[in-house]
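Taking it in order: structure first as structure tokens, then the write-up.
The values are calculated or read from the model by the stated rules, or taken from the named source; none is laboratory data. Keep in mind that what you see is a predicted model, and the values were worked out from it rather than measured. We place every Cβ from the backbone using ideal geometry, glycine too, and count neighbours over all the protein chains shown.
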């Protein structure tokens, strides 16, 4: 199910959740490269090739960003706002994957331009199913924008 | 001085002024009447004296016996008149004394005249002497009579003067009284302006200020009169209103702070409490999947128990958040089609476990005015319940409908499931209250608490009727605000 060159960026601070999410993708046979960053600032550094990630300048942007909301330094909604505000990252698909289904989170997430909002279920079997559907839809079914349009 | 006292005083002065004028009128009337009587008496005296003069002349001219008798008759009448006349004043009395004196003298002179006339006139020298004496007597008599007539006219004049003076006095008293009444009217008008109208205008202004929300408006101390008292009362009323308003505002701020805290708490619960459960469940499953062969059956059972517990805890958290969401949700009342809503929810029940079938009987056109989201939550939980508790019933039937009871529409959700003992009905709607064992019918015990809160939020009531083994019916009404939610619904409880 892997597609060449399509990278996923996972923004997640909880190491357990990182591990479980990676396991869920693996179990769902999604073999894409998954880069993991652990807070909001690091996520933006990664995307805009700053600081520790300055070497990434020539690397293409990830096809999909999986974004947690509760993050250290800069929370998920702040990251989303910065992504949508910058012309370079404006059109990247962002899926919010988080614990809460509080109305305020869902509404703000969509209002700031999230492409999807998925709640992490406690039941890991359900979580794996969610990861599988997510991967199929955003990496295979969804027609991504041509490279040049994102520039 | 109080306004009432001022008003009483002014009324008393007014009444006194009117009384003085009335007394003056009455007294003047008496005076004028008396003066008129005196004048009448005086003119009768004058007429009698004129008559006397006439009979005197007649007697002198004719010297008849008849004239003499007439003279005494007239004279007697005159004396009677004088005796009957009532003149109370000193000046008049003196005049009357003079009149009486002259009358006595006149009578004596006339008697003498009569005796002189009776003398023999045949003797020439005596006749001459008598004639001269007679003339002398007559002359004196006429002078006396003239004087008396003049005195009588004087009496009449005095009476006229008295009457005139009385009328003049009446004029003066009336003018003074009217001036007094006019002054009191002006003073009262001024007092009403100063003590009533002006303070009322100030009060009106103050009331307007307060009505437009200026709660800190100072009413001032006010005077010692009734309006001053009213001003102070209004001031203290505004003060206590201001105090309770302040209290309400403080409570509102506290409630808002609590609400914010509750929101933050829910948010935190929603995010942070579920993460460890995910780890427990996820890694347990990972263990089962990757190392299951090394664990043996008992080890796998333990892991499955950990997973089940984690998931139960996850549902519990979700239900608690749902309960808190129902409490916090903003009400949006609109027309809701309960039949459609029930069908929609029923359609979402899958045959789980496989082969489960329930006959849904929904009455058509069940419409109500309610909050759609709260009704969805309530019906979801009620139908969940019905579905769950008919799980062991053959030919399960769940009915939704409405009946009129006491002029009010009562909706119901009825099932023919296991039911419950009515002895426990008090605990039915409490959070974490369960009437069945979790092994028989799983659940968190929060569902009916959520239903009750959703119904109460919409001003309704909910109750249940059931018999063990024969099913349960949940009744609810909407839009009766007179029934306050009971203790079970207390957010603090």
key: Residue in the stretch B:226-240 that is within 11 Å of chain A (Cβ to nearest Cβ), at pLDDT below 85 and either in contact with a helix residue (DSSP H, G or I) (Cβ under 8 Å, 6 or more places away or on another chain) or under 30 Å from residue A:75 (Cβ atoms) (or both) present   = no
request  = Answer with yes or no whether residue B:303 is in contact with a helix residue (DSSP H, G or I) (Cβ under 8 Å, 6 or more places away or on another chain) and within 11 Å of chain A (Cβ to nearest Cβ).
outcome  = no
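Conditions (1) touching a helix residue (DSSP H, G or I) at 6+ places or on another chain (Cβ under 9 Å); (2) within 14 Å of chain A (Cβ to nearest Cβ); (3) in a helix (DSSP H, G or I); (4) without any contact (Cβ under 8 Å) to a residue 24 or more places away in the chain, marked per residue:
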site	(1), (2), (3), (4)
B:286	yes, yes, yes, yes
B:289	yes, yes, yes, yes
B:293	no, no, yes, yes
B:298	no, no, yes, yes
B:313	yes, yes, yes, no
B:321	yes, yes, yes, no
B:336	yes, no, no, no
B:360	yes, no, no, no
request  = Go through the stretch B:264-275 and give me each residue that's facing chain A (nearest Cβ under 8 Å) and either surrounded by 14 or more Cβ atoms within 10 Å (Cβ to Cβ) or over 16 Å from residue B:316 (Cβ atoms) (or both).
outcome  = B:266, B:267, B:270, B:271, B:274, B:275
ask   = Residues in the stretch A:94-110: is at least one exposed (fewer than 15 other Cβ atoms within 10 Å of the Cβ), touching a helix residue (DSSP H, G or I) at 6+ places or on another chain (Cβ under 8 Å) and away from chain B (no Cβ under 14 Å)?
value = no
request  = For the stretch B:38-47, state whether one or more residues are within 30 Å of residue B:171 (Cβ to Cβ) and within 60 Å of the chain's Cα centre (by Cα).
outcome  = no
note = Only one of (1) closer than 30 Å to residue B:194 by Cβ; (2) surrounded by fewer than 18 Cβ atoms within 10 Å (Cβ to Cβ) does not apply to residue B:17, and that is (2)
task = Tell me which residues, restricted to the stretch A:65-79, are within 16 Å of residue A:22 (Cβ to Cβ) and touching a helix residue (DSSP H, G or I) at 6+ places or on another chain (Cβ under 6 Å).
result = A:67, A:68
inquiry  = Kindly evaluate residue A:82 against the criterion of being more than 14 Å from every other protein chain (Cβ to nearest Cβ), free of Cβ contacts under 8 Å to residues at least 40 places away in the same chain and surrounded by fewer than 15 Cβ atoms within 10 Å (Cβ to Cβ).
reply    = no
task = Go through B:329, B:378 for me and flag whichever is modelled with pLDDT of 85 or more and touching a helix residue (DSSP H, G or I) at 6+ places or on another chain (Cβ under 7 Å).
result = B:378
task = Could you look through the stretch A:111-129, keep only residues that are without any contact (Cβ under 8 Å) to a residue 40 or more places away in the chain and within 21 Å of residue B:272 (Cβ to Cβ), and pick out the one that is surrounded by the fewest Cβ atoms within 10 Å (Cβ to Cβ)?
result = A:126
query = Checking residue B:331 against (1) within 30 Å of residue B:259 (Cβ to Cβ); (2) not in a loop (DSSP other than H, G, I, E, B), which single condition isn't satisfied?
reply = (2)
remark   = Counting only residues that are at pLDDT below 75 and surrounded by fewer than 18 Cβ atoms within 10 Å (Cβ to Cβ), the stretch B:408-433 contains a total of 2
query = Applying the selection to the stretch B:438-463, what residues are without any contact (Cβ under 8 Å) to a residue 40 or more places away in the chain and closer than 19 Å to residue B:399 by Cβ?
reply = B:462, B:463
message = Could you go through the stretch B:340-352 and let me know if any residue there is more than 14 Å from chain A (Cβ to nearest Cβ), over 24 Å from residue B:392 (Cα atoms), under 60 Å from the mean Cα position of the chain (by Cα) and assigned to a helix (DSSP H, G or I).
response = yes
query = Can residue A:130 be described as touching a strand residue (DSSP E or B) at 6+ places or on another chain (Cβ under 8 Å), assigned to a helix (DSSP H, G or I) and within 13 Å of chain B (Cβ to nearest Cβ)?
reply = yes
remark   = Exactly one of B:339, B:270, B:348, B:284 is outside the structural domain of residue B:445 (by TED's automatic domain parsing) and within 28 Å of residue B:455 (Cβ to Cβ), and that residue is B:270
